[in-house]
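Notes follow the structure.
Computed from the coordinates by the stated procedures, all read-outs in this text should not be read as laboratory data. For clarity, every value in this text was computed on a predicted model and none was experimentally measured. All Cβ positions, glycine included, derive from the backbone under ideal geometry; neighbour counts span all protein chains shown.
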């Protein structure tokens, strides 16, 4: 997909962060938008800003962990816009906890959004993308989908799963020649609210980390703006890249894992101990 003008893009998690930045960037390129988020206030703000740029915008309150709701939204997008060309499975949440101290309820909550939400969005929109004649599925993983990080076991599991799903999907789409492609996105620290809104378990104190200040410490590691992230992602779609790294820290992690496929864990552990105490 070389251009976005007169196309229709669906975006989950559009109420803030990367989702909002993607929406506004696409709107500036004359791309129609179908926006969703569970945060109604943030979603309305994004829709208002995008509409002001002169494009057709629809918005729906959708919990991506609800399979039926995602499928209903996908059908509604086509009913409202006549077609859909892009789906950005961007919605996500975070959880800081040791594996031992993590509750099953928290683990399932995160996986239902970060992984199953991507699965539902991919499968619900794929038939519609094929019907449009050209389409692209953009699934947001993370640098934590490239490297395991202490206290991020659930997040790692979800983002590694998104990466594997998308890489498999990309190959299958190429084998069928259906006109649809897929890209796995691996952002580093993006200046969004995900760290501040993360669930945090007291179990990280067992690793010598401070549960009380962990939100702020994680937040300080975020160095890339959502707007720059959006530009990088959209450029990757235009180039039909299989994988896109977003931010300098994402490139550092990628090279560290390539050069030190097992020893990188020592580096990651020491960095976590230094920065999160």
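As a proxy for reagent exposure, 56, 186 were ordered by neighbouring Cβ count within 10 angstrom, fewest first; the result is 56, 186. Using only Cα atoms, tell me the angle between helix 17-28 and the longest principal axis of the chain; keep it within 0 to 90° and round to the nearest 10. It is inclined by approximately 30 degrees.
Using only the alpha carbon atoms of segment 1-124, find the Kirkwood hydrodynamic radius as the inverse mean reciprocal pair distance, in angstroms to one decimal.
14.7
One decimal place: the segment residue 3-residue 167 gains 56.7 nm when fully extended, by the rule 0.36 nm per residue minus the C-alpha distance. Placing dummy labels 7 Å off each Cα toward the beta-carbon, the span from residue 108 to residue 252 is 3.8 nm. Remark: spin-label model distance residue 193-residue 223 equals 2.6 nm, labels positioned 7 Å along the Cα→Cβ axis.
Helical runs (DSSP H, four residues minimum) scored at -39500 (n - 2.57) apiece and divided by the length of the chain put the mean residue ellipticity at 222 nm at -15500 deg cm²/dmol. Projected over all directions and averaged, the alpha-carbon convex hull of the chain occupies 13.6 nm². Relative contact order of segment 8-275: 19 percent, from C-alpha pairs under 8 Å at least 6 residues apart in sequence. Relative to the longest principal axis of the Cα atoms of the chain, the long axis of helix 248-259 lies at roughly 70 degrees. Applying 0.36 nm per residue to the separation of residue 130 and residue 242 and subtracting their alpha-carbon distance, the gain on full extension is 38.5 nm. Computed over segment 126-189, the P(r) curve from all C-alpha pair distances, binned at 5 Å from the origin, holds 4, 19, 24, 18, 13, 11, 7, 3, 1 percent per bin. Its convex hull of Cα atoms gives segment 68-113 a direction-averaged projected area, equal to a quarter of the hull surface, of 4.2 nm².
Under conditions of 20 °C and 1.002 mPa s, segment 143-268 yields 133 µm² s⁻¹ as its translational diffusion coefficient, taking Rh as the Kirkwood radius over Cα pairs in the Stokes-Einstein equation.
Each 10 Å bin from zero up to the one holding the largest Cα-Cα distance in segment 73-187 carries the following percent of pairs: 15, 42, 28, 13, 3.
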